[in-house]
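The values are calculated or read from the model by the stated rules, or taken from the named source; none is laboratory data. Since the structure is predicted, the reported quantities are computational estimates derived from the model, not experimental observations. So basically every Cβ, Gly included, is an ideal-geometry build from the backbone, and we count neighbours across all protein chains shown. Only protein heavy atoms, including side chains, enter the accessible area calculation; ligands, DNA and RNA are left aside. Shrake-Rupley method; radii C 1.70, N 1.55, O 1.52, S 1.80 Å.
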Amino acid sequence: MQRRAERPKPPAPVVWVVVLAYALGVLDIAAGLVLILLRYDEEVRETGNAFTITWWGAAIIIAGLFVIAVASGLTRARRDARALATIGAGLSAFVAVIDVALDPAHPWFQLAVMAVALLVILALWTGRSGRFFREIRVRAHGG
């Protein structure tokens, strides 16, 4: 029986991105569940928003599961997971910029989102992380 090739261990920046992504995914799932439970609130029922809130809650849960799946792919050195994580971080930063443009009175939270998104992108594409994904690609192509 042939032994499977040992997968290289991801560098610390990738591990940090994975930990942050898992935390974000779990928080998204919790937030989605809270939104779904809010459909039973009297005020929500009176305004007729129960259906909308339920769908938003479900969408946030699905987004959380997607984030966890991408994080899992990063631990397996999947380049498509790195691309999806980069796109997700970029979208988060873009939404934060739009939010600050629409409501510049309290930008601190959105500035923090932009900073974290930038750190995630840098952590995945530079330094040891960049070398890690390049080496994986070279090994996969037999070079």
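The combined condition, being more than 29 Å from residue 135 (Cα to Cα) and touching a residue at least 12 places away in the same chain (Cβ under 8 Å), is not fulfilled by residue 98. Scanning for something among the small types (Gly, Ala, Ser) and crowded, with 17+ Cβ neighbours inside 10 Å, does the stretch 50-60 turn up at least one residue? Yes, there is a match, as at least one residue in the stretch 50-60 is among the small types (Gly, Ala, Ser) and crowded, with 17+ Cβ neighbours inside 10 Å.
Being open to solvent by less than 60 Å² (accessible area, probe 1.4 Å) and part of a helix (DSSP H, G or I) is a property that residue 71 has.
Being more than 16 Å from the chain's Cα centre (by Cα), open to solvent by less than 60 Å² (accessible area, probe 1.4 Å), at pLDDT below 90 and over 30 Å from residue 136 (Cα atoms), is that true of even one residue in the stretch 31-42? The answer is yes; a qualifying residue exists.
The listed residues are 78, 39, 82, and the only one of them that is basic (Lys, Arg) and in contact (Cβ under 8 Å) with a residue 40 or more places away in the chain turns out to be 82. With respect to the stated conditions, residue 86 fails to be farther than 30 Å from residue 7 by Cβ, modelled with pLDDT of 90 or more and among the polar types (S, T, N, Q).
Filter the stretch 74-92 down to the residues that are within 14 Å of residue 120 (Cβ to Cβ) and among the hydroxyl-bearing types (Ser, Thr, Tyr), then identify the one that is least open to solvent (accessible area, probe 1.4 Å).
86
Here is a yes/no grid of residues against (1) within 20 Å of residue 19 (Cβ to Cβ); (2) open to solvent by 70 Å² or more (accessible area, probe 1.4 Å):
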| residue | (1), (2) |
| --- | --- |
| 94 | no, yes |
| 99 | no, no |
| 102 | no, yes |
| 109 | no, yes |
| 122 | yes, yes |
| 127 | yes, no |
| 133 | yes, no |
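Apart from one condition, residue 7 fits all of (1) of a type outside the set (A, V, I, L, M, F, W, C); (2) open to solvent by less than 80 Å² (accessible area, probe 1.4 Å); (3) modelled with pLDDT under 90; the exception is (2).
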